[in-house]
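Asker: Quick one: this structure, given as structure tokens, is what I'll be asking you about.
Nothing in this text is a laboratory measurement; each read-out follows from the coordinates by a stated rule. All of these numbers come straight from a predicted model, not from anything done at the bench. FYI the Cβ positions are ideal-geometry reconstructions off the backbone, even for glycines, and counts take in every protein chain you see.
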Amino acid sequence: MLLVYNNFLQRNPIITNGLTTGFLFGTGDVLAQTLYSDGVSNFDYKRTLRAVVYGGIIFAPIGDRWYKLLNGIRMPVRLFKSEKSQKVSDTIARVAVDQLVWAPVGIPLYYSCMAMMEGLTIQQWKQKLDEKYMDTLFANWKVWPLFQLANFYVFPVQHRLLAVNVISIIWNCYLSAKNSGVLEDMPVIEDGTLRQS
């Protein structure tokens with residue numbers, strides 16, 4: 001299966017990444033709707049389609065180029081003599097650029113694209129960004145840096161987007177639930193007491 005995927009990826013990287021990413025963004029949304037809704041009767045197929053479109057048409061081409069660009073990032077100062085140690089420091093530099101450049105831009109890109117596809121007004125879009133941006137960015141920083149360290153260190157550049165996409169099923173579930181507002185209605189535990197958020 002991986003051999004077939006690699007063949008498609010080498011021949012048509014944008015199409016292969018687009019199909020894979022769209023499918024996995026859609027899977028994350030289906031998971032979110034399954035976990036946070038009253039059942040199949042309330043399933044929002046248009047919402048899933050929006051996730052597929054965003055993943056396949058917007059995120060995939062950007063992600064494909066982004067991971068190739070990141071592969072060229074090196075620690076500006078050579079810290080170590082050994083190649084293995086230098087690979088670790090280059091990996092840390094890539095994660096820092098990914099998290100300090102892409103995350104702050106990618107999160108509002110997601111919410112903006114969703115707002116546009118949902119038909120929100122500019123005022124509603126601004127409100128959504130105001131309400132969700134910082135929470136999502138901090139959640140991102142709890143999830144992605146550690147994974148990206150492993151991703152940049154272990155996987156070759158052509159497989160990094162796929163590795164991110166597999167982990168992204170859970171992240172996309174979170175983004176979809178956050179975007180739809182269901183997480184704001186969930187009870188939270190503060191100081192050992194269950195409270196409605």
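Asker: Scanning the chain for trypsin sites (Lys or Arg not before Pro) in DSSP loops with at most 14 other Cβ atoms within 10 Å, what's the longest stretch left with none? Kindly include the intermediate steps, with their values, before the conclusion.
Answerer: Values: sites that count: Arg74, Arg78, Lys81.
By the stated rule (loop sites, at most 14 other Cβ atoms within 10 Å), 82-197.
Asker: What is the magnitude of the charge dipole of the range 2-176 about its Cα centre, with +1 placed on the Cβ of each Lys and Arg, -1 on the Cβ of each Asp and Glu, and no other charges, expressed in debye to the nearest 20?
Answerer: Numbers: 17 positive and 11 negative charges, 145 e Å.
It works out to roughly 700 debye.
Asker: With semi-axes √(5λ) of the Cα gyration tensor in Å as the read-out, I listed (i) 31, 22, 16; (ii) 25, 23, 17; (iii) 74, 32, 15; which label goes with the value calculated from this structure?
Answerer: (i)
Asker: Find out how many positive minus negative residues lie around Gly63, taking Lys and Arg as positive, Asp and Glu as negative, among other residues whose Cβ is under 15 Å from that of Gly63. Intermediate values should be presented prior to the final figure.
Answerer: On the way: positive: Arg65, Lys68, Arg94, Arg160; negative: Asp64, Asp98.
Net of charged neighbours comes to +2.
Asker: Give the distance, in whole Å, between the Cα centre of the range 137-185 and the Cα centre of the range 108-127.
Answerer: Using only Cα atoms to place each centre, the spacing works out to 21 Å.
Asker: Take each uninterrupted DSSP H stretch in the chain, measure its Cα extent along the helix axis, and return the ones at 18 Å or beyond whose mean Kyte-Doolittle hydropathy is at least -0.5. Let's see the in-between values first.
Answerer: Numbers: long enough: 13-36 (34 Å, 0.72); 83-97 (21 Å, -0.29); 103-118 (22 Å, 0.86); 122-154 (43 Å, -0.38); 157-180 (32 Å, 0.56).
Passing helices, by number: 13-36, 83-97, 103-118, 122-154, 157-180.
Asker: Mean separation of Cα pairs under 8 Å and 6+ residues apart, divided by the residue count of the range 2-176: what relative contact order is that in percent? Mind showing how you got there, number by number?
Answerer: Details: 156 pairs, mean separation 58.0, N = 175.
Rounded, it is 33 percent for the range 2-176.
Asker: Same structure, new question: Local charge sum around Leu9 (other residues, Cβ-Cβ under 15 Å, Lys/Arg +1, Asp/Glu -1)?
Answerer: Details: positive: Arg11, Arg65, Lys68, Arg160; negative: Asp64.
So the environment of Leu9 carries a net charge of +3.
Asker: Anyone know which of Ser85, Ser176, Ser112 comes out most mobile in the 10 Å Cα GNM of the chain?
Answerer: Ser85
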